Amino acid sequence: MKKTVCFLLFFTFSLGFIHAQNPLLDSLIHHIKDLSTQKASSQRDTNIILSLSLLTERSLNMGDSRNQFFLDSLQRFTKKTNWPKGLGLHERALGKQNDVKGNYTEALKHYTNAIQLLKKAGGDSFELAYAYVLAAFVLNNNGLTDKCIEMLNEALPYAKATKNKNNLCWIYDFLGDYNYYDSFGIRNYKKALFYYKEVEKNIPYTTSPTLKADNPHCLANVYMKLGDEKKANDYRDNALRIAKHYNNRVVIFATYADLADIYEQQKSYEKALEYRKASLEYAQKSGWKEMESRAENYIYQTYKRTGDYKNALKYYELHKTHEDSLGRFSVQKAYAELQAKYEAEKQQLRITDLENEQLIQTQNFLIGLSVLGVLLTCFIFWSNRKLKAKNQQLKTKNREIEDALLKGQTIERKRVASELHDNLNTKIAALRWRLEALDTSKYPEADQKIHAGLLQTLEDVYADVRLISHNLLPTELETQGLVAALQKLTEKLNVNAKTVFHLITNGITERLNPKIEYQLYSVALELVNNVLKHAQAQQVWISISQNHEVVSLTVSDDGVGMSNVEKATGVGLRNISARVEALNGTWLIDSKPTTGTKVTIEVPV
C-alpha cells in the first residue's frame with residue numbers, strides 16, 4: 001500500500017517537472033523522493049508528510065502551478081497514515097488554498113479545523129502557531145482587526161516557544177503593518193520601525209523565503225516615511241534582489257507598487273503607471289486574488305488622479321469584480337461615483353455654457369445643507385448611543401440595588417426569625433410553664449376556665465410565633481428553591497388537624513430568580529395566614545406551575561369566603577398586591593360568601 005502511495009507521488013512530481021522549475025521547490029521534491037526510497041516506517045511517513053506540507057505551502061505562496069498536485073499528494077498520504085498532526089497540516093493547506101483564491105469563509109473554516117487538530121495532536125508549537133497566524137490574517141483581511149490581534153496574542157506563546165522564529169516574525173510584522181498603514185488609522189512610524197527591526201533581528205532564525213524578502217520591503221517603506229531616503233532605497237533594492245532570487249511574486253508586486261507611489265508623489269504619472277502595470281503583472285502571476293484586486297485598485301487610483309476617467313473606470317470595474325468575488329466589501333457607492341464623473345467628463349463641453357454664478361451658489365448651498373444634515377444625523381446617532389449607554393448603566397445600577405435590597409431583606413428576615421424563635425418564644429414558653437405550675441384545684445370554676453383559656457391562648461400564640469419564625473425565611477427556600485420551601489410549609493401546616501393543606505406542582509424543573517422565589521413565598525405565606533385566621537376552611541390547595549415564560553401561584557380553600565368590602569380593605573391583600581406589582585405580575589381574587597376563596601397570581605420570568 002505504501003509503495004502505491006510512493007508511486008503516485010513520483011507520478012505527481014514527474015508531472016510537476018513539465019513546468020518551469022523553481023530551485024526552492026525542486027530541492028524539497030528531491031528530498032521527498034529520497035525519503036520514499038527509504039525502508040517503510042512511521043518515521044519515514046511522518047517526514048514525508050512534513051515535507052509535503054512545506055512544499056504545498058511554498059508552492060501556494062509562490063503561485064506555482066503545481067500546487068494542486070502537491071496538495072493532492074498530501075491529502076492521499078495523510079488519509080493513508082491517519083496521523084493526527086498530518087490531518088491538521090492538510091486542513092491548514094486547504095485553508096491556504098482557499099485563502100489564496102479569496103474564499104475567506106472556507107479558508108477560515110479549514111484554519112479553525114487545523115487549530116483544533118494540531119492542538120489535539122500536541123507537541124508542535126510551531127505548526128499550531130502558524131495555523132493561528134493564518135487564521136488571524138483572514139480575520140484582518142475581512143475587517144476584523146481586533147479579532148485578528150486577539151488571535152495573534154493566542155499564537156504568541158506558541159511562537160516564542162519554538163527555535164524557528166517564522167511565526168514570531170509574522171506576528172511582529174503584522175504589528176509593524178498595524179502601526180504603519182493608513183487603513184488602520186495609527187500612523188506611528190517609529191513604532192512600526194521598532195517591530196520591523198524586531199523581525200530583522202530574528203530573520204537569521206527563520207526559514208521562510210517570504211519573510212526574508214518582505215522584511216526589507218517593509219523597512220524601506222517606513223524609512224521613506226521617516227525621511228531617510230538612502231536607507232529606504234538600500235532596503236528596497238535588497239527586497240527586490242531576494243524576492244527575485246526566490247521568485248516571490250507577492251513581494252515583487254508590493255515593491256513595484258511602492259515605487260509607483262513614489263513616482264506618483266513626484267507627479268511622474270507616466271513612470272508611476274509603468275510600475276503600476278508591472279505590479280499588476282506580478283500580482284496576477286502570484287495567484288493571490290487579494291493582491292490582484294489591490295493592484296487593480298492602485299491603477300484605478302492613479303488613472304483617476306491623472307484625469308483619465310475612462311481607464312480609471314476600466315480598472316475600477318476589474319477591481320470591483322474581484323472584490324465581489326472575495327465577498328468582502330460593498331463598493332456600489334464608489335462605483336456609481338466614478339461612473340458619474342466619467343459621464344460628467346463627456347458632457348462637460350455641452351454644459352459649460354449653461355453654468356452661471358447662481359448655479360454655483362445654489363450648488364454650494366446644497367452641499368453645505370447636505371454637510372449640515374450629515375453632521376446633524378451623526379450628532380443624533382451619537383446622542384442616541386450615549387443615551388442608550390446611560391440607560392444601560394441605570395438598568396445595571398437598578399439591578400444592583402434590587403439585589404442589595406433582596407440581600408438586606410433576607411438578612412433582616414433571618415434576624416427577625418431568630419429574635420422570634422430565641423427570645424419571644426422562650427418568654428412565652430416560660431410564661432406558660434409558670435401558669436401551668438399554679439395549683440388551680442382550689443380556684444372557683446370560673447377562674448379555672450379562665451386559667452385553662454389562658455393556657456390554650458399561650459399555646460396558640462407559641463405555635464403561631466414558632467410557625468412565623470420558621471417560615472420568615474426557611475432554609476429550603478435558600479438552598480433548594482420555592483417548591484421545596486412550599487413542600488416544607490405544607491408539612492408543618494398539616495400538623496394542625498383542623499385544616500388539611502395540599503401542594504400541587506407542575507412544570508417547575510429549574511430554580512427561579514431568587515427575587516421571584518422570595519416574593520412568591522411571602523405571598524403564599526400571607527394567603528395561608530389569611531386562610532387560617534378567617535376562612536374556617538377544612539381543605540386548602542396550593543398550586544405552583546410554570547408555562548413558557550409565566551409562573552402561576554394559586555391558593556384556594558373551601559371556607560366561608562369574603563365580601564367585596566373585605567377584598568378592598570384587607571391589609572394583607574394590599575401587601576400581596578404590592579409584592580405582585582413589584583414582580584410586574586397580575587393577580588385575581590375569586591370569592592363570595594359561603595363559596596370559598598381562590599387567589600391566582602401570574603408573574604413573568
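A few comments on the model shown:
- When region 392-446 is limited to residues that are among the hydroxyl-bearing types (Ser, Thr, Tyr), farther than 30 Å from TYR521 by Cα and surrounded by 10 or more Cβ atoms within 10 Å (Cβ to Cβ), the one that is modelled with the lowest pLDDT turns out to be THR440.
- Out of LYS285, LYS267, LYS231, sole residue that is surrounded by fewer than 21 Cβ atoms within 10 Å (Cβ to Cβ), among the basic types (Lys, Arg), modelled with pLDDT of 90 or more and in a helix (DSSP H, G or I): LYS231
- Residue list for region 205-223, restricted to those being free of Cβ contacts under 8 Å to residues at least 40 places away in the same chain and not small (Gly, Ala, Ser): LYS212, PRO216, LEU219, TYR223
- If the condition is being farther than 28 Å from LYS289 by Cβ and among the aromatic types (Phe, Trp, Tyr), then region 78-125 contributes only TRP83.
- In region 152-169, the qualifying residues are those that are part of a loop (DSSP other than H, G, I, E, B) and surrounded by 15 or more Cβ atoms within 10 Å (Cβ to Cβ), and the one that is farthest from the chain's Cα centre (by Cα) is ASN164.
- Residues that are touching a Pro at 6+ places or on another chain (Cβ under 6 Å), buried (at least 19 other Cβ atoms within 10 Å of the Cβ), of a type in the set (A, V, I, L, M) and in the same structural domain as SER552 (by TED's automatic domain parsing) do not occur anywhere in region 492-499.
- All positions within region 191-227 that are part of a loop (DSSP other than H, G, I, E, B) and surrounded by fewer than 17 Cβ atoms within 10 Å (Cβ to Cβ): THR207, LEU226, GLY227
- Residues considered: ILE186, ILE149. Of these, the only one that is on the phi < 0 side of the Ramachandran plot, without any contact (Cβ under 8 Å) to a residue 40 or more places away in the chain, assigned to a helix (DSSP H, G or I) and β-branched (Val, Ile, Thr) is ILE149.
- SER59 in contact (Cβ under 8 Å) with a residue 60 or more places away in the chain, of a type outside the set (D, E, K, R) and surrounded by 22 or more Cβ atoms within 10 Å (Cβ to Cβ): no
- Condition met for VAL551 (touching a helix residue (DSSP H, G or I) at 6+ places or on another chain (Cβ under 6 Å) and not acidic (Asp, Glu)): no
The values are calculated or read from the model by the stated rules, or taken from the named source; none is laboratory data. This one's a predicted model, so the numbers in the text were calculated from it and none came from an experiment. Ideal geometry is used to build each Cβ from the backbone, glycine not excepted, and the neighbour counts take in all protein chains shown.
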